[in-house]
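Take a look at the structure set out below.
The values are calculated or read from the model by the stated rules, or taken from the named source; none is laboratory data. Predicted model only: the values in this text are computed from it and were never measured. Reconstructed Cβ throughout: ideal geometry from the backbone, glycine too, with neighbour counts over all protein chains shown.
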Amino acid sequence: MNDTSIHTTKDSHFDSIKEGGNDQYPLVAIVILNWNGKVFLNKFLPSVLESTYKNKRIILADNASTDDSVKFVQQNFSEVEIIINDTNEGFAKGYNTALKQIDADYFVLLNSDVEVTPNWIEPIIELMQSDKLIAACQPKILAYEAKNKFEYAGASGGWLDFLGYPFMRGRVFDVCENDEGQYDTLQQCFWASGAALFVKAEIYTELNGLDEYFFAHQEEIDFCWRAQLKGYKIYVQPLSKVYHVGGGTLKNGSQKKVFLNFRNNLIMLFKNLPLSKLIWVLPCRFLLDALSAYKGLFTGDVCYFWAIAKAHFAFVKWIFLGKKKSSFTQSKNKSFVGMVAKSVVWAYFVTKQKTFTEIVKPK
């Protein structure tokens, strides 16, 4: 494993401007994409409003909700700006549509089911200001219902194995570790979670934002991969901490979620791998996906089986009909921090390595 961890110095640039006015702080737009999320907005918007960062905008981007969440925010949180999309455009296009209308130095894509801590913004902006090549960063993400545990959708930075399976510092498949400070080191990683994604606005625009064909799920991994192909870096900053409920829109294990995860993962591999790797990675993935599907079928989970089958058919359809709708970056045969040359599936299911440090041995 490359030693890419760095430490923030005590006399940091951010500390030196703490006493200044708003003009000395980059403008941060915290954008919460909402679809029928009144319950979450009522519960978690107050924590966002209590963020201590001086120069910020808080914006609700509504994806054509059918509940009264927009009216609720207008009546109870008047300081929150509101953008209303005409239709439910999903996570990817919903954000792209909204962010085109927002002027800021940094965007924060924040799920509505996230509770933030007061100073969650400062450490990440300090880090990203220190290096123009850092495109995106995430905080440490813990579970709202069990605050001593890492959360399924983000943990402490995303990694990828050579077959395209994502895992995290703090979570491998269904095992979420207790947070005991073991992943508190500032670390370059492969992808940052879309649950609380900080990104430089100009780089988001340069990369044409999220791939709208994905609709939802793994679009942030694809974005981070494309950013790295352009020479940018991705980080996790554990000094920033948030708590995520998870499954607020699509529940874990739902047929649509399974479909999107499998389809989008294959599309991501096709888009970002060089041909020399793609020609053998894709057959391996089809085989492993099929094994997973048949395991579901033989254990009585017919919906899981059909979701994967539909994902494979949809992927083939995308190759012939949908590629032109996706955002591409020229593939290069290069290595990345956070991509490991081993199978996390083999490590987890065969050799029973259930934690990140067992799979990625620290030097």
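Structural remarks
- Residues that are within 19 Å of residue 102 (Cβ to Cβ) and touching a helix residue (DSSP H, G or I) at 6+ places or on another chain (Cβ under 8 Å), drawn from region 38-64: 41, 45, 53, 54, 55, 58, 59, 60, 61, 62, 63
- Condition met for residue 97 (of a type outside the set (Asp, Glu) and modelled with pLDDT under 95): no
- Screening region 19-44 for residues that are modelled with pLDDT of 95 or more and in a helix (DSSP H, G or I) and picking the one that is nearest to residue 69 (Cα to Cα) gives 38.
Residue-wise test of (1) part of a loop (DSSP other than H, G, I, E, B); (2) without any contact (Cβ under 8 Å) to a residue 40 or more places away in the chain.
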position: 140; (1), (2): no, no
position: 146; (1), (2): yes, yes
position: 153; (1), (2): yes, no
position: 159; (1), (2): no, no
position: 180; (1), (2): yes, yes
position: 184; (1), (2): yes, no
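- Within region 153-186, the residues that satisfy the criterion of being of a type in the set (Val, Ile, Thr) and over 19 Å from residue 239 (Cβ atoms) are 172, 175.
Yes/no matrix, rows are residues, columns are (1) buried (at least 16 other Cβ atoms within 10 Å of the Cβ); (2) touching a Pro at 6+ places or on another chain (Cβ under 6 Å); (3) in contact (Cβ under 8 Å) with a residue 60 or more places away in the chain:
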position	(1), (2), (3)
258	yes, no, no
320	no, no, no
337	yes, no, yes
340	yes, no, yes
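- Residue-level analysis places residue 164 outside the set of residues that are free of Cβ contacts under 8 Å to residues at least 40 places away in the same chain, in a loop (DSSP other than H, G, I, E, B) and either of a type outside the set (D, E, K, R) or crowded, with 20+ Cβ neighbours inside 10 Å (or both).
- Subset of region 186-202 (residues that are more than 12 Å from the chain's Cα centre (by Cα) and part of a loop (DSSP other than H, G, I, E, B)): 186
- Annotation: residue 236 fulfils all but one of (1) closer than 20 Å to residue 132 by Cα; (2) surrounded by fewer than 21 Cβ atoms within 10 Å (Cβ to Cβ); (3) of a type in the set (A, V, I, L, M, F, W, C); the unmet one is (2).
- Test result for residue 216, touching a residue at least 40 places away in the same chain (Cβ under 8 Å) and either crowded, with 22+ Cβ neighbours inside 10 Å or of a type outside the set (Gly, Ala, Ser) (or both): no
- Residue check for residue 315: crowded, with 18+ Cβ neighbours inside 10 Å, outside the structural domain of residue 175 (by TED's automatic domain parsing) and either at pLDDT 95 or above or more than 28 Å from residue 189 (Cα to Cα) (or both): yes
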